[in-house]
Amino acid sequence: MSASITPVQLFLLGRTLMKVGEEALPEPVAPAGATQRGGTRAALVVLSDVLGHQGTSVSEIAARTGLPQSQVSGAVARLKETGSFVSAPDPADGRRQLIRTAAEASERVTEVRAARIDGALAAALGTADPETLRAVGEALDVLARHLTPEAAGRLRP
């Protein structure tokens, strides 16, 4: 059975879901002496891409995401500062860094994983009705199980 949603409706739903997610995220605090780089949206796009493409370069991320290389570099630096990413020299080209997610969760990752969407979802839906929130939450759970960052990686090589 095919979904009845159109590509435009799906795209607009995706933008709405991104905004709900952004609203629900706790505000980042830059480590002492660090400069906060890049916006939340760019950081999340880059994080999603690296989750699907471990051991990748800034230029490869930029090519896959369509973000400017400078924005990707800023987001990577921000995610490295928070302990979400680590990098190592590319064995084939020592001038290039390969980026992957850190093996252990940083304080920021732990904070973000603990955040809940209830308030932002209620605000976006315009209701705090428990039944509506439960039904939409369950639908989002199904989507999240199937449409992972790795799934997005299968759309483009």
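Observations on the model:
- Across the chain, Cα-Cα distances exceeding 26 Å account for 34% of all pairs.
- Size of charge dipole - the chain - debye, nearest 20, with Cβ of Lys, Arg +1 and Asp, Glu -1, no other charges: 500 debye
- Compared with the dominant Cα axis of the chain, that is its longest principal axis, helix 7-24 is turned about 80°.
- The trypsin sites (Lys or Arg not before Pro) of region 90-157 meeting both criteria, a DSSP state outside H, G, I, E and B (loop) and at most 12 other C-beta atoms within 10 angstrom of the site's C-beta, are Arg116, Arg154.
- Compared with the dominant Cα axis of the chain, that is its longest principal axis, helix 69-81 is turned about 90°.
Readers should treat all values here as calculations from the given coordinates under stated rules, not as data from a laboratory. None of these values were measured; they are calculated from a predicted model. Positions of Cβ are generated from backbone atoms using ideal geometry, with glycine treated the same way; all protein chains shown enter the neighbour counts.
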